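Engineer: Can you keep this structure in mind? I'll have questions shortly.
None of the figures in this text is laboratory data; all of them are computed from the coordinates on show. Nothing here was measured: the structure is a model prediction, and the numbers come from that model. Glycine also receives a Cβ, built like all others from the backbone with ideal geometry; neighbour counts cover every protein chain displayed.
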Amino acid sequence: MQEISTDVLNQNVRKGLTLNWSTQAILFCAIIIACIGLNTNSAPIVIGAMLISPLMGPIVGIGYALGNSNSGLLSRGARLFAAQFIIAVTGATIYFFVSPLNAATDQLLARTEPTLWDVLIAFFGGFAGVISSAKKDGGNVVPGVAIATALMPPLCTIGYGISHLNWSFVWGAGYLFLINAFFIALATAVGTIFFRIRSSERLNVSVKQEVIMLIVAIIVIIPSSISAYSIVQKSYVTAQLSQFVEDKLPDQYIAQQSVTGKTIQLTVIGTHLSDQKVKSLDRSLKVYHLDHYALSIKQLTRGNYITAKEFQDYMKQNNSQTTPAVNSQTPENKSLNQVQSDLVKQYPRQITNVLTGEVVDKANHKRQLIAIQLTSRGQKSRATIQATANKLAKANDVDAVIQFVQS
């Protein structure tokens, strides 16, 4: 007895091409659940929505029809696919139009830049799906394919883009959905042809049809290949830049790091870098294969101090007090508050103010920044105060960068 059967495949595919109200109601519920997951940045909710979505049915049906040159089945699958696409996008648009959460979460943003990897996931996921559908005991492959290829999130993102008139979201997510749907269908068509050959059945697919499918596949792949190259290039630049920072700026705290166009922008906290040093650093980019970039360094320190204005601008905090005090804008962190209070208590005549904020380093790790504003008397005790601040931070298990503020 054959483990894989074209008859079983035919039965399973046709089951997924049923156009009834219950299937469409399930789809509408699934799209709302997926939208909630994307809106709240919850991956488990999105995965749950993908598990109950019936979207795979018409896409697999279209691919199966192409592999059999069955125009009637192709028309049926295309109509169902169009109806489900409209229902899903309409539901997503309505949800995001009435949702009070308007920010684009990471889950939404992740669906706006499709790459070649999405093509590979869709194709091999689709091929795994058609193998499962051709087996009498298909197991749990199809739910896994639904999760891997992620058909629902792009449709939700299209709805988000329409509701917010953000057409870059619409085009990006639309292209991702096209990639997923097309290559699942293509993999199904290839799998169907393979199984028919394996079963010694007569093929109905002409050379012309095969050439058309190949040409369309190439056209669909091109933009994603360009995007994939861009991501690989970006990853390489990020890795080289991290090595550059580690080697050349060991005494600097990298508060922000970004690459915009051909400019590398670093925001640093630490010992002041002279213009000559910055130029030397710019020249040394060549060693790290970054010579086609220009280095721009923003220093939050002047001399050995960070200015109060720059600190407040960077942290988005304001403090107009002139007496020793803990900044009222401090986050709710008992350990950090304890460090601040102890500093003020130990050096009431040397410290004018203590300000705090949070910085994110090049590895996206968050650390606390404690900025101490000294009186003229406190300038003479700077080294002692810094040592005390470091000791207090360590004792209270606070991962902090200690800097001094100059008025």
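Engineer: Give me the number: length gained by fully extending N390 to L109, i.e. 0.36 nm times residue separation minus the C-alpha to C-alpha distance, one decimal in nm.
Structural biologist: Separation in residues times 0.36 nm, less the Cα-Cα distance, equals 97.2 nm.
Engineer: Find how much the distance from T238 to L120 grows on full extension, using 0.36 nm per residue of separation minus their present alpha carbon separation; answer in nm with one decimal. Present the calculation step by step, with values, prior to reporting the outcome.
Structural biologist: Details: separation 118, 0.36 × 118 = 42.48 nm, distance 2.45 nm.
Gain on extension, T238 to L120, equals 40.0 nm.
Engineer: Be a star and scan segment 234-271 for residues whose amide nitrogen sits under 11 Å from the point 7 Å along the Cα-to-Cβ vector of H292.
Structural biologist: Of the residues in segment 234-271, 262 have backbone N under 11 Å from the label point off H292.
Engineer: Any idea how far apart S341 and W21 come out in nm if each label point goes 7 Å out from Cα toward Cβ?
Structural biologist: About 6.5 nm separates the two model spin labels.
Engineer: Let me check the size of segment 165-221 from its C-alpha atoms; what are the radius of gyration and Dmax in Å?
Structural biologist: 15.2, 53
Engineer: A follow-up question, please. So, by mean Cβ neighbours within 10 angstrom, what's the order for 283-291, 211-219 with the highest one leading?
Structural biologist: Per-residue Cβ counts within 10 Å, averaged per peptide and sorted highest first, yield 283-291, 211-219.
Engineer: Here's a follow-up. What's the ranking of 19-32, 37-50 by average number of surrounding C-beta atoms within 10 Å, highest first?
Structural biologist: 37-50, 19-32
Engineer: Once R0 is set to 41 Å, what does the formula 1/(1 + (r/R0)^6) return for the Cβ-Cβ distance between I231 and R198, expressed as a FRET efficiency to the nearest 0.05?
Structural biologist: Values: r = 37 Å, r/R0 = 0.91.
Working from the Cβ atoms, E equals 0.65.
Engineer: With the crude spin-label approximation of a point 7 Å out along Cα→Cβ, what separation in nm comes out for E246 versus S284?
Structural biologist: Using points 7 Å along Cα→Cβ, the separation is 1.5 nm.
Engineer: Taking one equal scatterer on every alpha-carbon of segment 6-205, how large is log10 of I(q)/I(0) by Debye at q = 0.14, 0.15 1/Å?
Structural biologist: Relative scattering, expressed as log10 I(q)/I(0), comes to -0.75, -0.85.
Engineer: Sticking with the crude label model, points 7 Å out along Cα→Cβ, report the distance from A78 to W171 in nm, one decimal please.
Structural biologist: My value for the distance between the label points is 2.6 nm.
Engineer: Please work out the ratio of the alpha-carbon Rg of segment 235-299 to 2.2 N^0.38 Å and round it to two decimals.
Structural biologist: Compared with the compact-globule rule of thumb, segment 235-299 sits at 1.00.
Engineer: Mind listing the long-range amide H neighbours of T352? Cut-off is under 5 Å, sequence gap 5 or more, other chains count too, H placed in the peptide plane at 1.01 Å from N.
Structural biologist: For T352, whose amide H was placed from the backbone, the distant partners under 5 Å are Q373, L374, T375.
Engineer: Could you run the Karplus curve 6.51 cos²θ - 1.76 cosθ + 1.60 with θ = phi - 60° over segment 18-33 and give me ³J(HN,Hα) per residue in whole Hz, x for Gly and Pro?
Structural biologist: Going residue by residue, I get 8, 9, 9, 5, 5, 5, 6, 5, 4, 4, 4, 5, 5, 5, 5, 4 Hz, with x marking Gly and Pro.
Engineer: What list of ³J(HN,Hα) values in whole Hz, one per residue of segment 111-126 in order, does the Karplus curve 6.51 cos²θ - 1.76 cosθ + 1.60 (θ = phi - 60°) give from phi, with Gly and Pro shown as x?
Structural biologist: So the Karplus estimates, Gly and Pro as x, are 9, 10, 10, x, 10, 4, 5, 5, 4, 5, 4, 5, 5, 6, x, x Hz.
Engineer: With bins 10 Å wide starting at 0, give me the P(r) of segment 57-157 over every alpha carbon pair, in whole percents.
Structural biologist: 13, 35, 36, 13, 2
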